[in-house]
Amino acid sequence: MSDRVKIFDTTLRDGEQALPASLSVKEKLQIALALERLGVDIIEAGFPVSSPGDFKSVQAIAREVKNSVVCGLSRAVAGDIDACGESLKVAERFRIHTFIATSEIHVGAKLRKSQDEVLDMAVQAVKHARRYTDDVEFSCEDAGRTDIDYLCRMVEAAIKAGASTVNIPDTVGYTIPTEFGQIIHTLFNRVPNIDQAVISVHCHNDLGLAVANSLAAVQNGARQVECTINGIGERAGNCSLEEIAMVLKTRENLLGLNTGINSQEISRTSKLVSQICNMPVQANKAIVGANAFSHSSGIHQDGVLKSMNTYEIMTPESVGISKNNLNLTSRSGRHVIKHRMHELGYKDEDYDLDTLYAAFLRLADKKGQVFDYDLEALVFFDQQKQ
Ligand code: KIV
Ligand code: ZN
């Protein structure tokens, strides 16, 4: 089995569908080009049948993007698939992604069909999509809550009908990692033609487990992860691209897996998506949050000044951030103040460290975080007194 995990980005589809305001064609194109630069294997550009605007965006992205496969989503109905085929045909390489729900609750309450009818719809949809391209992905919506015997039958039938990728979504973010990993493991053990397709996963984050579930899946043989920048998406969002990519990169020695992501583009892409989508990133968000490479405690600051890897498991440069940040607070030690003064261009003889540090602590106790201009002001006022 290959050790390469494909990254399928759905920021423009699953991510966009959860935004307060939809994006313009230009904004989507700008994000798509950033995703291409980031090294995403497949860009899910939208759901072409859903609106004329989405159709146009998918078409514009299909026309401009050259180094990633461009994908469109469709329900398992001919009209949706035709809209995908039409909007994508200008692309260098494209994929049609068709889906239908497979869990008892969705099949019974939402689709109001029998399992056999749904299986037949899936097979017909995959065959119909194959008229446009060999690159067809089929998703079993709500696979995480689907009866495993039915899921095995569905995956086998989709592959037989011509799906080259079969996606196993945890649509409602309900599973836990051991359970989700076991689902993937069972598929590999029980579906006879499974080696004819790439098994993909698409995990939602309702319990905060989307990245952990995706990781469990790749450890059990899945070789495509569907994810979004900053983890945006329906409800609590999707598996975050930057997190799964950096898990695989940082722990490559343990996991033996890799992606095509150019990690140095991560920070820039995250900021672009956050700004265009008007979705702020929480400060303590792994990899891309403002505090992800900030150190506040004096012990930690002293450690990283002596050797970065005391408290950093990856370098800020590896995700495109120029350097880490030492927050100056009442927990900061003299060593850090001296280091910051040096960075600001002061020589040891320009100020008295004992006096400055005492003044710094008084200010930090009142103010919380002390900024560079505060330090400079403390030095200035001390000089004035002399
Ligand atoms: O969450 C989900 O199941 C989806 C499918 C359309 C893949 O977004
Ligand atoms: Zn989804």
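The values are calculated or read from the model by the stated rules, or taken from the named source; none is laboratory data. If you're wondering where the values come from, they're calculated on a predicted model, not measured in any experiment. Don't worry about glycine lacking a Cβ; one is built from the backbone with ideal geometry, like all the others, and counts go over all protein chains shown.
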**OP:** Would you tally the residues in segment 209-223 being within 16 Å of ligand 1 (Cβ to nearest atom) and either surrounded by fewer than 24 Cβ atoms within 10 Å (Cβ to Cβ) or among the aromatic types (Phe, Trp, Tyr) (or both)?
**Re:** 1
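Wholly within segment 300-386, which helices (runs of 4 or more DSSP H) include no fewer than the required count, namely at least 1 residues that are over 17 Å from Ala290 (Cα atoms) and touching a Phe, Trp or Tyr at 6+ places or on another chain (Cβ under 7 Å)? Spell out how you get there, then give the answer.
Numbers: elements: 334-343, 353-367, 372-385.
In segment 300-386, 334-343, 372-385 are the helices (runs of 4 or more DSSP H) which contain 1 or more residues that are over 17 Å from Ala290 (Cα atoms) and touching a Phe, Trp or Tyr at 6+ places or on another chain (Cβ under 7 Å).
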Original post:
Any residue at all in segment 36-43 that is out of contact with any helix residue (DSSP H, G or I) (no Cβ under 9 Å at 6 or more places or on another chain), farther than 24 Å from Gly231 by Cβ and within 16 Å of ligand 2 (Cβ to nearest atom)?
Top reply: no
Subject >> Selection from segment 148-171 of residues that are surrounded by fewer than 18 Cβ atoms within 10 Å (Cβ to Cβ) and either under 23 Å from Val211 (Cα atoms) or at pLDDT below 95 (or both) >> reply: Ile148
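Please specify each residue of segment 70-81 satisfying the condition of being of a type in the set (A, V, I, L, M, F, W, C) and within 16 Å of ligand 1 (Cβ to nearest atom).
Filtering segment 70-81 down to residues of a type in the set (A, V, I, L, M, F, W, C) leaves 70-71, 73, 76-78, 81.
Residues satisfying the conditions are Cys71, Leu73, Ala76, Val77, Ile81.
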Subject >> Among residues of segment 78-114, those that are over 22 Å from Phe8 (Cβ atoms) and not in a helix (DSSP H, G or I), counted >> reply: 3
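Please verify whether segment 184-205 includes one or more residues that are within 14 Å of ligand 2 (Cβ to nearest atom), more than 18 Å from the chain's Cα centre (by Cα) and over 14 Å from Gln224 (Cα atoms). Give the steps one after another, and end with the answer.
Initial filter on segment 184-205 (within 14 Å of ligand 2 (Cβ to nearest atom)): 200-205.
Now drop any that are not more than 18 Å from the chain's Cα centre (by Cα), which leaves none.
No: segment 184-205 contains no residue that is within 14 Å of ligand 2 (Cβ to nearest atom), more than 18 Å from the chain's Cα centre (by Cα) and over 14 Å from Gln224 (Cα atoms).
So which of Arg131, Arg93 ends up being out of contact with any strand residue (DSSP E or B) (no Cβ under 9 Å at 6 or more places or on another chain), away from ligand 1 (no atom under 16 Å from the Cβ) and among the basic types (Lys, Arg)?
Details: Arg93 fails: out of contact with any strand residue (DSSP E or B) (no Cβ under 9 Å at 6 or more places or on another chain).
Only one candidate passes the filter, namely Arg131.
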Original post:
So Ala210 fits all but one of (1) among the hydrophobic types (A, V, I, L, M, F, W, C); (2) within 16 Å of ligand 2 (Cβ to nearest atom); (3) under 17 Å from Ile7 (Cα atoms); (4) more than 16 Å from the chain's Cα centre (by Cα); what number is the exception?
Top reply: (4)
**OP:** Answer yes or no as to whether Leu19 is away from ligand 1 (no atom under 13 Å from the Cβ), at pLDDT 95 or above and either part of a loop (DSSP other than H, G, I, E, B) or not small (Gly, Ala, Ser) (or both).
**Re:** yes
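If the requirement is being touching a residue at least 60 places away in the same chain (Cβ under 8 Å) and either surrounded by fewer than 24 Cβ atoms within 10 Å (Cβ to Cβ) or of a type in the set (Phe, Trp, Tyr) (or both), which of these qualifies: Glu92, Glu27, Glu64, Glu36? Steps first, answer last, please.
Numbers: Glu92 fails: touching a residue at least 60 places away in the same chain (Cβ under 8 Å); Glu64 fails: touching a residue at least 60 places away in the same chain (Cβ under 8 Å); Glu36 fails: touching a residue at least 60 places away in the same chain (Cβ under 8 Å).
One residue alone meets the criteria, Glu27.
In segment 126-146, which residues are assigned to a loop (DSSP other than H, G, I, E, B) and free of Cβ contacts under 8 Å to residues at least 60 places away in the same chain? Break it down into steps so the answer makes sense when it comes.
Kept after step one, since they are assigned to a loop (DSSP other than H, G, I, E, B), are these residues of segment 126-146: 131-135, 142, 146.
Once the filter is applied, which keeps residues that are assigned to a loop (DSSP other than H, G, I, E, B) and free of Cβ contacts under 8 Å to residues at least 60 places away in the same chain, segment 126-146 yields Arg131, Tyr132, Thr133, Asp134, Asp142, Thr146.
Which one of these is modelled with pLDDT of 95 or more and either surrounded by fewer than 18 Cβ atoms within 10 Å (Cβ to Cβ) or in a strand (DSSP E or B) (or both): Val70, Val123, Val58?
Details: Val123 fails: either surrounded by fewer than 18 Cβ atoms within 10 Å (Cβ to Cβ) or in a strand (DSSP E or B) (or both); Val58 fails: either surrounded by fewer than 18 Cβ atoms within 10 Å (Cβ to Cβ) or in a strand (DSSP E or B) (or both).
That would be Val70, the only listed residue that is modelled with pLDDT of 95 or more and either surrounded by fewer than 18 Cβ atoms within 10 Å (Cβ to Cβ) or in a strand (DSSP E or B) (or both).
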**OP:** Determine if segment 334-348 includes at least one residue that is surrounded by 13 or more Cβ atoms within 10 Å (Cβ to Cβ) and under 30 Å from Ile261 (Cβ atoms).
**Re:** no
Original post:
Taking only pairs six or more apart or across chains, which ones have beta-carbon atoms under 7 Å, a first residue in segment 232-244 that is under 18 Å from Leu215 (Cα atoms) and at pLDDT below 95, and a second residue that is more than 9 Å from ligand 2 (Cβ to nearest atom) and assigned to a helix (DSSP H, G or I)?
Top reply: none
